[in-house]
Every structure is written in structure tokens, then in C-alpha cells.
1. Please verify whether residue 90 is open to solvent by less than 50 Å² (accessible area, probe 1.4 Å), part of a loop (DSSP other than H, G, I, E, B) and not aliphatic (A, V, I, L, M), treating the condition exactly as stated.
2. Where residues in segment 30-72 are in contact (Cβ under 8 Å) with a residue 24 or more places away in the chain and more than 21 Å from the chain's Cα centre (by Cα), which of them is farthest from residue 145 (Cα to Cα)?
3. If a residue must be part of a loop (DSSP other than H, G, I, E, B) and not hydrophobic (A, V, I, L, M, F, W, C), how many such residues does segment 96-117 contain?
4. I need a count of the residues in segment 23-47 that are in a loop (DSSP other than H, G, I, E, B) and either among the aliphatic types (A, V, I, L, M) or crowded, with 16+ Cβ neighbours inside 10 Å (or both).
5. For the condition open to solvent by 50 Å² or more (accessible area, probe 1.4 Å), over 14 Å from residue 100 (Cα atoms), assigned to a helix (DSSP H, G or I) and of a type outside the set (A, V, I, L, M), what is the one hit in 141, 120?
6. Kindly establish whether residue 94 is within 19 Å of the chain's Cα centre (by Cα), farther than 25 Å from residue 8 by Cβ and small (Gly, Ala, Ser).
Amino acid sequence: TDADGNFSQDALETALNNATPNPYQQALTLGLISVEVGNQGPIPERRFTYQGAQNYSDAWAARMDDAGLGEDATGDEIFNAVYANRNGNGDFASGDGSRFAGRGMVQLTGRSNYQAVQDRLETKGINIDLVANPDLALDNRYALPITLAYLEINGLNSQTAPKLSTKTLNNLI
């Protein structure tokens with residue numbers, strides 16, 4: 001963050017350089033962040049309209065139909081339908097789809113991913129309850145550690161980085 005506590009791309013790059021000196025890992029991380037959120041910093045996944053979600057994916061359209069959603073569905077209902085019973089989320093009624101929708105700089109999604117990142121951060125001395133407080137993924141203090149933990153869980157480290165592309169990494173996550 002900058003002196004006012006706002007997201008700063010320069011501060012991100014400096015922090016990333018300090019966190020991981022491997023230039024390949026830095027480049028992949030910055031590339032993936034750019035693909036996911038551009039230079040906006042940590043953001044929540046945008047809420048879809050019914051029609052927007054229908055157009056986004058045939059699979060999403062089918063999941064919304066299975067949940068009985070119609071044109072008046074809210075963004076939260078759409079996420080509850082399309083993310084139900086995936087990535088550790090409960091069913092539609094659990095509300096997990098919306099609660100664990102994408103957030104942060106790599107759009108961390110799904111209860112199991114939030115839990116895995118929370119567990120990984122704990123091993124590094126960062127004790128936050130990300131599962132109980134998913135919006136912490138939007139907090140500039142935690143956004144980069146969350147990003148790095150998630151990428152590490154998915155196989156990005158100094159040894160694998162030279163062999164990966166941003167597209168390959170995006171497909172892994």
C-alpha cells in the first residue's frame with residue numbers, strides 16, 4: 001500500500017521482490033495478478049446478472065437452471081448456484097457459493113481453497129481466520145501473502161517457476 005493505505009502497484013512489486021527473489025516466480029505472479037485483476041489490487045469477483053451468467057458459461061447456465069433460478073436472481077444466488085458443491089462449498093442453501101466467491105489478487109474461490117490458504121499462512125506465522133472472514137483477501141495487508149500461499153499450494157515455487165507459463169499456472173489454479 002502507499003502512504004495513505006491505498007493499493008500501489010509499485011509497493012506490490014517491491015513487496016513481491018522482497019518476498020520471493022526468484023525473477024521467474026515474480027514474473028509469473030505479476031502476470032497472473034494482471035490476468036485476474038489488472039492493476040486494481042485485491043478486488044471481489046464481480047456479481048453477475050442472470051443473463052450475464054447465462055452468457056458466461058453453459059455450465060453456469062445449467063447449474064442456475066438446476067437451482068431453479070430465473071431472470072430476477074441476485075448475484076449472491078447465482079454464485080450459490082454455480083459454486084454449490086465445488087471446491088469444498090456446501091449446497092446452494094449453505095450460501096457458501098457467495099461467501100467463498102472470488103476475492104483478492106488471484107480471485108481465491110471456494111471454501112477448501114480459503115481453508116488451505118489459511119492453513120499455509122499459519123505455518124508462516126500469519127494467523128488470520130480467512131474462512132470466518134473471507135473479506136480479509138481484500139485487505140491490502142494480506143492480499144500478497146494470500147496470493148503467494150495460494151500459488152505455492154498450486155505448485156509455484158522457485159524450482160517450478162522457470163518451467164511454467166502464466167497460462168499454465170492459470171490452468172493449475
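The values are calculated or read from the model by the stated rules, or taken from the named source; none is laboratory data. Owing to the predicted nature of the structure, the values given are computational and were not obtained by experimental measurement. Cβ: placed from backbone, ideal geometry, glycine included. Neighbour counts: every protein chain shown. Quick note on the areas: whole protein, heavy atoms, side chains included, nothing else; ligands and nucleic acids left out. Shrake-Rupley method; radii C 1.70, N 1.55, O 1.52, S 1.80 Å.
1. yes
2. If we take residues in segment 30-72 being in contact (Cβ under 8 Å) with a residue 24 or more places away in the chain and more than 21 Å from the chain's Cα centre (by Cα), then 67 is farthest from residue 145 (Cα to Cα).
3. Total meeting the criteria: 4.
4. Number of matching residues: 3.
5. Going through 141, 120 in turn, the sole match is 120.
6. No, not satisfied.
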